[in-house]
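One structure is given below, encoded as structure tokens.
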Amino acid sequence: MRHTRHPEELSPRPRKKRAILALNIAVLMVLVGGTAAYGALSKTVTVLLDGRSDTVRTFSGSVTDVLESKDVELRPDDKLNMAKSGDVTDGDTIKVDFAKPVTVAVDGSAREGTVHDNTVGDVLDRYDVKPAEDAYVSVSRSARIPRSGLEIVVSNPKELTVKADGDTKKITSAAPRVEDALKEADVSLDKDDEVEPGRGALVSEGDKLKVTRIEMIDKTETVDVDPPVEYKPDADLEKGTTKVLEAGKPGKAREAVLITKADGKQRSRLVLTSEELEKPVKKVVARGTAEAPSVASNSVWDKIAQCESGGNWHINTGNGYYGGLQFSAATWHSVGGPGLPHQNSRETQIKYAKILQQRSGWGQWGCAHARFN
């Protein structure tokens, strides 16, 4: 039975590399002409890769052929002492220095670059880094820099402040990263603890390392539920004033919660599920719509306000006193004032000032004397 040959069996075999062809020719010539022919065609070439020397006997005619025979693939930033397409002769040295990305981090400050150096010591010298005698260095000076690159971390002894578990102490450490320094300070960490700066952050001179202990607690609680509020307009009440018509009643609910504590204090409370136990009763509140009675301009209150606040009825300077007449929040609320004084109109502020004056006298204002101006 005849077998049909597949198309791929009919196609020519792939071409071999020039270096291998040259080798085959050389072998053939040795068979034909002996060792004299071999010696005439071959040449000795030294290939220096990142400082490592290798002497090869080759029939290749160009730099590219020699490098290919050594499985060396050049990249754009690599350094080559000869033209890639140049010819090689007996005794030539082909020198290749690979480009390597490096990161050099010294005492918390990192810089990146591309070097052609061979060892860690060469890189440190290039960047003028001189570690102290008892410094931490992540890689030995004699270690070679791989073509893929390397991170070199140098950390000299430095003063650090560690705050954890209610205690603050100062340490001297050459640890390169925060978590290493905390370990030296006998501060253990679990997965939930917060660390400032981050655990893996590089340490700098004078850094303050803070550990916050985080505790996650699952629990079930019975809680009050605020009643909904219905507001009704009331023309008999001034704007800004309210009156409770029906007090309402809070409800009850059972909640499954996740409580987060930071150093023992509650930071957050997340409700996971909620089951109503008792429905709340609505609260009804009357809200005033009537305008406050007008007060003549340049009244005694305007004179006092001019002295107290420059006549600015809506001032909030952040000193704990508010509005034209500089009420404190506590005093304002003690006479029934809504919100904060500066959030209300001039007329409303004067209204509650009159209540305070009738209750406690003019001595409540340091500028009461201005009313005689």
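The values are calculated or read from the model by the stated rules, or taken from the named source; none is laboratory data. Treat the numbers as computed from the prediction; the structure is a model and nothing was measured. Cβ: placed from backbone, ideal geometry, glycine included. Neighbour counts: every protein chain shown.
Taking the condition out of contact with any Ser or Thr (no Cβ under 6 Å at 6 or more places or on another chain) and closer than 14 Å to residue 104 by Cα, does residue 153 pass?
Numbers: out of contact with any Ser or Thr (no Cβ under 6 Å at 6 or more places or on another chain): no; closer than 14 Å to residue 104 by Cα: yes.
Taking the combined requirement at face value, the residue does not satisfy it.
Among the residues in the stretch 281-293, are any among the acidic types (Asp, Glu) and either more than 28 Å from residue 214 (Cβ to Cβ) or assigned by TED's automatic domain parsing to the domain that holds residue 324 (or both)? If you could, list the steps in order and put the result at the bottom.
Our first condition is that a residue be among the acidic types (Asp, Glu); within the stretch 281-293, this holds for 291.
This time we only want the ones that are either more than 28 Å from residue 214 (Cβ to Cβ) or assigned by TED's automatic domain parsing to the domain that holds residue 324 (or both), so: 291.
Yes, the conditions are met somewhere in the stretch 281-293.
Filter the stretch 187-202 for residues that are part of a loop (DSSP other than H, G, I, E, B) and either within 17 Å of residue 110 (Cβ to Cβ) or basic (Lys, Arg) (or both) and give the result.
Step one: filter the stretch 187-202 for residues part of a loop (DSSP other than H, G, I, E, B), giving 187-193, 197-201.
Listed by number, the residues that qualify are 191, 197, 198, 199, 200, 201.
With a cut-off of at least 2 residues that are closer than 30 Å to residue 192 by Cβ, name the strands (runs of 3 or more DSSP E) lying wholly within the stretch 234-315. Steps first, answer last, please.
On the way: elements: 242-246, 251-262, 265-278, 283-290.
Once the strands (runs of 3 or more DSSP E) in the stretch 234-315 are filtered for at least 2 residues that are closer than 30 Å to residue 192 by Cβ, what remains is 251-262, 265-278.
Anything in the stretch 97-150 that is touching a residue at least 40 places away in the same chain (Cβ under 8 Å), acidic (Asp, Glu) and closer than 18 Å to residue 205 by Cβ? List them, or say none.
Once the filter is applied, which keeps residues that are touching a residue at least 40 places away in the same chain (Cβ under 8 Å), acidic (Asp, Glu) and closer than 18 Å to residue 205 by Cβ, the stretch 97-150 yields 107, 134.
Please find, among 273, 260, the residue that is β-branched (Val, Ile, Thr), surrounded by 13 or more Cβ atoms within 10 Å (Cβ to Cβ), within 30 Å of residue 191 (Cβ to Cβ) and at pLDDT 95 or above. Break it down stepwise before answering.
Numbers: 273 fails: surrounded by 13 or more Cβ atoms within 10 Å (Cβ to Cβ).
After ruling out the rest, the residue left standing is 260.
So is residue 153 in a loop (DSSP other than H, G, I, E, B), surrounded by 14 or more Cβ atoms within 10 Å (Cβ to Cβ) and either modelled with pLDDT of 95 or more or not charged (D, E, K, R) (or both) or not? Before the answer, list the steps.
Values: in a loop (DSSP other than H, G, I, E, B): no; surrounded by 14 or more Cβ atoms within 10 Å (Cβ to Cβ): yes; either modelled with pLDDT of 95 or more or not charged (D, E, K, R) (or both): yes.
In short, no.
The conditions are (1) touching an Asp or Glu at 6+ places or on another chain (Cβ under 6 Å); (2) in contact (Cβ under 8 Å) with a residue 60 or more places away in the chain, and residue 288 fails exactly one of them. Which is it?
Every condition holds for residue 288 apart from (2).
Given the conditions (1) under 25 Å from residue 229 (Cβ atoms); (2) surrounded by 16 or more Cβ atoms within 10 Å (Cβ to Cβ); (3) hydrophobic (A, V, I, L, M, F, W, C); (4) in contact with a Phe, Trp or Tyr (Cβ under 8 Å, 6 or more places away or on another chain), and given that residue 304 satisfies all but one, which numbered condition is not satisfied?
Here residue 304 clears every test but (1).
Applying the selection to the stretch 167-184, what residues are in contact (Cβ under 8 Å) with a residue 24 or more places away in the chain and over 20 Å from residue 132 (Cα atoms)?
Of everything in the stretch 167-184, just one residue is in contact (Cβ under 8 Å) with a residue 24 or more places away in the chain and over 20 Å from residue 132 (Cα atoms), namely 182.
Checking residue 236 against (1) outside the structural domain of residue 181 (by TED's automatic domain parsing); (2) modelled with pLDDT of 95 or more, which single condition isn't satisfied?
Just one mismatch for residue 236, condition (2).
For the stretch 317-328, which residues satisfy the criterion of being within 17 Å of residue 353 (Cβ to Cβ) and either buried (at least 24 other Cβ atoms within 10 Å of the Cβ) or in contact with a helix residue (DSSP H, G or I) (Cβ under 8 Å, 6 or more places away or on another chain) (or both)? Lay out the reasoning, then the answer.
As a first pass, look at the stretch 317-328 and keep what is within 17 Å of residue 353 (Cβ to Cβ): 321-328.
Hits for the stretch 317-328 are 322, 323, 324, 325, 326, 327.
Just checking, does the stretch 232-241 include any residue being without any contact (Cβ under 8 Å) to a residue 60 or more places away in the chain and polar (S, T, N, Q)?
In the first step, residues of the stretch 232-241 are kept if they are without any contact (Cβ under 8 Å) to a residue 60 or more places away in the chain; the result is 232-237.
Restricting the remaining residues to those that are polar (S, T, N, Q) gives none.
Checked against the condition, which is being without any contact (Cβ under 8 Å) to a residue 60 or more places away in the chain and polar (S, T, N, Q), the stretch 232-241 yields no hits at all.
How about the stretch 152-168: which of its residues are in contact with a helix residue (DSSP H, G or I) (Cβ under 9 Å, 6 or more places away or on another chain) and among the hydrophobic types (A, V, I, L, M, F, W, C)?
Answer for the stretch 152-168, where residues must be in contact with a helix residue (DSSP H, G or I) (Cβ under 9 Å, 6 or more places away or on another chain) and among the hydrophobic types (A, V, I, L, M, F, W, C): 152, 154, 160, 162, 164.
Can you find a residue in the stretch 2-13 that is loosely packed, with under 10 Cβ neighbours inside 10 Å, at pLDDT 50 or above and of a type in the set (Lys, Arg)?
Within the stretch 2-13, the subset loosely packed, with under 10 Cβ neighbours inside 10 Å is 2-13.
From what is left, the residues that are at pLDDT 50 or above are none.
No: zero hits.
When you check residue 205 against the structure, is it closer than 20 Å to residue 104 by Cα and charged (D, E, K, R), yes or no?
Judged against the criteria, residue 205 is a match.
So which pairs qualify, if the first residue must be in the stretch 345-373 and over 26 Å from residue 291 (Cβ atoms), the second must be basic (Lys, Arg) and part of a helix (DSSP H, G or I), the Cβ gap must be under 6 Å, and the two must be at least 6 apart or on different chains?
That search, which allows pairs on different chains as well, returns 370/303; 373/303.
Suppose we filter the stretch 319-344 for residues that are more than 17 Å from residue 306 (Cβ to Cβ) and outside any helix (DSSP H, G or I); how many remain? Walk me through how you get there before you give the answer.
At the first step, the residues of the stretch 319-344 found to be more than 17 Å from residue 306 (Cβ to Cβ) are 319-320, 328-340, 343-344.
Right, trim to outside any helix (DSSP H, G or I) and you get 319-320, 328, 335-340, 344.
Residues meeting the conditions: 10.
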